[in-house]
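Trainee: I am attaching a structure below and will ask some questions about it afterwards.
The values are calculated or read from the model by the stated rules, or taken from the named source; none is laboratory data. Not measured: the values here are computed from a predicted model. Cβ placement follows ideal geometry from the backbone for every residue including glycine, while neighbour counts extend to all protein chains displayed. These accessible areas exclude ligands, DNA and RNA; they are computed on the full protein's heavy atoms, side chains included. Shrake-Rupley method; radii C 1.70, N 1.55, O 1.52, S 1.80 Å.
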Amino acid sequence: MHTLYGDFHVHLGRSADGRPIKITAARGLTLEAALREGQQRKGLDLMGIVDAACPPVLADLERLIEAGELEELAGGGFRFRGGLVFLAGAEVETEELRGPAHFLAFFPTLEALKHFSRRLAGWVTNPNLSSQHCRCRAADILEAVTALEGVFLPAHAFTPHKGLFGQGVDDLAEAFTDRQIAQIPAMELGLSSDTALADRIPGLGSFTFLSNSDAHSLPKIAREYNALELAEANFREWEMALRRREGRRVAANYGLDPRLGKYHRSACALCETIAEVPAPFFGPCARCGAAQLTPGVLDRIELLAQHGDRPLCPNRPPYIHQVPLEFLPGIGPKAMQRLLDRFGTEMNLLHRATDEEIAAAAGPKLAKILLAHRRGDIDWVHGGGGRFGRVAVRND
Ligand SMILES: [Zn+2]
Ligand SMILES: [Zn+2]
């Protein structure tokens with residue numbers, strides 16, 4: 001078994017011929033640019049792109065296959081220039097009992113992806129754009145994905161804004177039958193929650209948790225990622241890991257401390273006060289009386305935790321709190337380039353370089369920060385209401 005690193009929620013801004021794909025994503029973020037960044041700078045072994053069912057991206061994908069840049073693998077997925085394995089997926093928005101929710105769907109083959117793309121065109125107004133609102137329920141999408149031997153899972157499941165447990169439902173049974181629930185292998189934690197928080201919600205013990213970046217620009221790729229144990233990198237091995245079969249598994253989650261997340265605490269958009277926990281979901285601000293707080297993940301989870309017992313999850317891998325390297329004080333573009341020149345990729349710097357090598361390459365001041373980061377000796381200020389928290393290295 002090999003330890004491989006993967007980020008399974010990356011968006012694209014444009015197709016190669018300049019057509020918009022995801023309006024909120026950066027223009028330079030094309031399929032090829034994302035794959036290059038994931039492979040060369042980040043050092044990922046697997047990467048999921050969730051706008052791949054849009055016809056302009058499908059056309060780019062087919063062009064890269066024809067040019068020999070992407071190779072379709074027998075075990076599913078596509079190998080980019082002999083290295084990184086790309087998993088082709090789609091993010092969809094459905095209307096659930098209480099509000100909209102986002103889901104991710106991944107497909108093993110180009111054929112299955114094309115089938116899903118045609119199916120999706122019947123549910124959305126503009127199929128050329130990603131993450132469009134679908135005129136159907138999540139259960140309909142799950143059935144379509146399962147029929148194509150794909151993988152379906154809730155995206156940023158606990159985020160109040162368009163997470164399944166945020167706005168969508170209080171309980172999985174509100175959206176799916178028992179048989180359907182058994183087909184869902186995993187849930188994505190989202191930037192504002194982690195394993196410890198999500199495991200307070202009843203009924204989630206059997207789901208693998210994924211920590212993904214939801215990147216809308218190149219530098220954000222792998223700001224959260226997963227370590228997986230796989231025999232090799234391909235779609236079927238990845239699916240086995242999510243289902244924890246034959247020794248394949250997610251071995252660790254790496255991501256932001258949820259206290260740094262933009263939507264960790266409920267906060268008032270008017271007076272910017274962070275509300276006391278538990279704040280009323282979409283309730284008024286206690287300080288200035290504004291009608292609606294921007295709800296926070298922590299408050300939402302506090303509410304859901306009251307619905308039953310904490311699940312038993314003996315198999316959970318560790319969740320390791322990391323901030324993206326760009327968040328660390330003292331790492332400007334120049335210093336980052338120097339580190340990449342020395343270590344090749346961010347994954348090498350984070351996981352394979354020794355303390356001594358980092359000290360030698362980074363200089364004493366920066367090395368102190370990088371090594372504190374590895375040890376988890378980082379302080380933070382809470383985030384909320386759309387603002388990220390801040391980090392500071394402890395001075396001891
Ligand atoms: Zn989303
Ligand atoms: Zn997304």
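Trainee: Ordered by residue, what ³J(HN,Hα) values in Hz, to whole numbers, does the range 53-69 give under the Karplus form 6.51 cos²θ - 1.76 cosθ + 1.60, where θ = phi - 60° and Gly and Pro are x?
Mentor: 8, 6, x, x, 6, 4, 5, 4, 4, 5, 5, 5, 5, 4, 7, x, 7
Trainee: Then there is this: Please state, as a whole number in µm²/s, the translational diffusion coefficient that the Stokes-Einstein equation yields for the chain at 37 °C and 0.692 mPa s, with Rh defined as the Kirkwood radius across alpha carbon pairs.
Mentor: The estimated diffusion coefficient comes to 153 µm²/s.
Trainee: By DSSP, what percent of the beta bridges with both residues in the range 2-258 are antiparallel, rounded to the nearest 5?
Mentor: 70 percent
Trainee: Residue farthest toward the positive end of the dipole of the chain, with Cβ of Lys/Arg at +1 and Asp/Glu at -1: which of 297, 184, 340?
Mentor: Ranked along the dipole, the leading option is 340.
Trainee: What relative contact order, as a whole-number percentage, does the chain give when Cα pairs under 8 Å and 6 or more residues apart are counted?
Mentor: Result for the chain is 16 percent.
Trainee: Convert each backbone phi in the range 97-109 into a coupling constant with the Karplus relation 6.51 cos²θ - 1.76 cosθ + 1.60 (shift: θ = phi - 60°), then list the ³J(HN,Hα) values in order as whole Hz, x for Gly and Pro.
Mentor: 3, 9, x, x, 9, 9, 9, 10, 10, 10, 10, x, 10
Trainee: Just order 38-49, 67-78 by mean Cβ neighbour count inside 10 Å, highest at the front, would you?
Mentor: 38-49, 67-78
Trainee: May I ask you to order 188-194, 353-359 by the average number of other C-beta atoms within 10 Å around their residues, highest value first?
Mentor: 188-194, 353-359
Trainee: For 171, 309, 214, give me the order by solvent-accessible area with a 1.4 Å probe, most accessible first, ignoring ligands, DNA and RNA.
Mentor: Listed by decreasing accessible area, they come as 309, 171, 214.
Trainee: What's the magnitude of the charge dipole for the chain around its Cα centre, counting Lys and Arg as +1 and Asp and Glu as -1 at the beta-carbon? Answer in Debye, nearest 20.
Mentor: 820 debye
Trainee: Hey, another quick one. Of 334/368; 22/114; 162/368, which sit over 28 Å apart, Cα to Cα?
Mentor: Violating the 28 Å limit, Cα to Cα: 162/368.
Trainee: Tally up the carbon and sulfur contribution to the accessible surface of the chain as a whole percent, 1.4 Å probe, everything protein left in place.
Mentor: The computed percentage sits at 50.
Trainee: Arranged from highest to lowest average of other beta-carbon atoms within 10 Å per residue, in what order do the peptides 105-115, 218-228 appear?
Mentor: 218-228, 105-115
Trainee: Something else: So what is the accessible area of the range 28-106 per residue, in Å², with the probe set to 1.4 Å?
Mentor: Spelled out: the 1.4 Å probe surface of the range 28-106, per residue, equals 30 Å².
Trainee: Rolling a 1.4 angstrom probe over the protein heavy atoms, how many square angstrom per residue are accessible across the range 172-282?
Mentor: About 35 Å² of surface per residue is accessible.
Trainee: What number, in percent, do you get for the relative contact order of the range 1-128 if the mean sequence gap of Cα pairs under 8 Å and at least 6 apart is divided by its residue count?
Mentor: Result for the range 1-128 is 22 percent.
Trainee: Measuring from the lowest to the highest alpha carbon on each principal axis, how far does the range 100-159 reach, largest first, in angstroms?
Mentor: 32, 23, 17
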